[in-house]
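Just so you know, all these numbers are worked out from the coordinates, no wet-lab data involved. All of these numbers come straight from a predicted model, not from anything done at the bench. With ideal geometry, Cβ positions are generated from the backbone for all residues, glycine too; neighbour counts draw on all protein chains shown.
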Amino acid sequence: MTSGDTYLFRAAEFFAKAESETNPAMRAGFENLARAYLRLAEQALRNAQTDIIYEPAPPKLDDPELKR
């Protein structure tokens, strides 16, 4: 299970808790948590699709190593 899947699962749990909650403040809290986990799942999906390639910075012109 990927982290995105884990976040989606938690979001579903919080939406289910919100539906069964009778206290409006608690319901709103669970809905907010569920939406936050949905955002985390979306971010995890974007992160999984990103290839990061590290390129070192070019040397500085006043680098003493270049003067050798």
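Between Rg and the Kirkwood Rh of segment 3-48, both from Cα atoms, what is the Rg to Rh ratio?
Working: Rg = 11.2 Å, Rh = 10.5 Å.
A ratio of 1.07.
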- Quick one: which of 20-27, 35-42, 49-56 comes out on top by average Cβ neighbours within 10 Å, and what's the full order, highest first? 35-42, 20-27, 49-56
- Compare A34, A11, A57 in a GNM of the chain, Cα atoms joined below 10 Å, and give the one with the largest fluctuation. A57
- Message: Nearest 10 degrees is fine. How inclined is helix 24-48 to the longest principal axis of the chain, computing both from alpha carbons?
- Response: 30
- How far, in degrees from 0 to 90, does helix 3-20 lean away from the longest principal axis of the Cα atoms of the chain, to the nearest 10? 20
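Quote the relative contact order of segment 3-48 in percent (integer), defining contacts as alpha-carbon pairs under 8 Å separated by 6+ residues. Present the calculation step by step, with values, prior to reporting the outcome.
Values: 44 pairs, mean separation 24.2, N = 46.
Rounded, it is 53 percent for segment 3-48.
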